[in-house]
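S.K.: The following block contains the structure, expressed as structure tokens.
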Amino acid sequence: MVVEVASGDPTAGAIAVRKPALIEAKSMAKILVLVATMTGTAEMIAEDIAAAHCDRHEFAFQALEKATLEQLAGARTALVVSSTYGEGEVPEPTIPFFNLVRESRPDLSGLVYGAVTLGDNVTYPKTFANGGRLWDGLLTERGATRVGDLLVIDASDPADKSELALRWAGNWLRLIEGQRATAREVSQ
């Protein structure tokens, strides 16, 4: 697997992860993976998804606390993976960017995305997994279109979190591929 710093595109500053044999694949659309985490669990889930699907998709990672409005507005496809902090907030390091997106009101109508949210239903049942729901709501409010269902992962559930995420991601990526194919047909 190759890890490189991407430049010259909306994901500049992000880390691109892909297999060497696929570097020249022009038909592969880049998926901007936006990670909001406090403990690293959301990042681990995002990395597992990319590793399992990097043979067919190019992923560029960006921590949401270091993201820019230009990256977000310039992306065509994104995957948001967010944990929940405190009593239902986005992770603390991402609060400034969350507020910037909310206050700047960028037009995200060209963005399609999927979202994964993590939380603990035993400790915080009233605000369970709300961090990712907040990101989901904000992106939708700004005109982005979520493709597929929101994946909600419960830290208190004994199920393998990566396995759940990989199963969901396979379905989500098929939906994205179908949407791209339909868009190509319509434009021809």
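The values are calculated or read from the model by the stated rules, or taken from the named source; none is laboratory data. Just so it is clear, the structure is predicted and the values come from calculations on it, not from any experiment. Quick reminder, even Gly has a Cβ in these numbers, built from the backbone with ideal geometry, and neighbours come from all protein chains shown.
S.K.: Go through the residues of region 52-64 one by one and say whether even a single one is surrounded by 19 or more Cβ atoms within 10 Å (Cβ to Cβ), of a type in the set (Phe, Trp, Tyr) and either within 16 Å of Leu134 (Cα to Cα) or at pLDDT below 95 (or both).
M.R.: No, region 52-64 has no match at all.
S.K.: Of the residues that sit in region 152-168 and are touching a residue at least 24 places away in the same chain (Cβ under 8 Å) and in contact with a strand residue (DSSP E or B) (Cβ under 8 Å, 6 or more places away or on another chain), which one is surrounded by the fewest Cβ atoms within 10 Å (Cβ to Cβ)?
M.R.: So in region 152-168, the residues touching a residue at least 24 places away in the same chain (Cβ under 8 Å) come out as 152-157, 161-162, 165-166, 168.
Now narrow it down to the ones that are in contact with a strand residue (DSSP E or B) (Cβ under 8 Å, 6 or more places away or on another chain): 152-155, 161, 165, 168.
On the way: Val152: 18, Ile153: 23, Asp154: 16, Ala155: 18, Lys161: 19, Ala165: 23, Trp168: 20.
In this case the residue turns out to be Asp154.
S.K.: Also: Restricted to region 86-125, and to residues that are surrounded by 13 or more Cβ atoms within 10 Å (Cβ to Cβ) and free of Cβ contacts under 8 Å to residues at least 24 places away in the same chain, which residue is nearest to Arg180 (Cα to Cα)?
M.R.: Per the stated criteria, the residue is Ile95.
S.K.: Let me ask something else about it. Tally the residues that are on the phi > 0 side of the Ramachandran plot and out of contact with any strand residue (DSSP E or B) (no Cβ under 6 Å at 6 or more places or on another chain), restricting the search to region 131-151.
M.R.: First pass over region 131-151, keeping only residues on the phi > 0 side of the Ramachandran plot: 143, 148.
Restricting the remaining residues to those that are out of contact with any strand residue (DSSP E or B) (no Cβ under 6 Å at 6 or more places or on another chain) gives 143.
The qualifying residues number 1.
Residue-by-condition table, conditions (1) touching a Phe, Trp or Tyr at 6+ places or on another chain (Cβ under 8 Å); (2) part of a strand (DSSP E or B); (3) under 25 Å from Thr68 (Cβ atoms); (4) among the polar types (S, T, N, Q):
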position	(1), (2), (3), (4)
Leu138	yes, no, yes, no
Asp157	no, no, no, no
Glu163	no, no, no, no
Trp172	no, no, yes, no
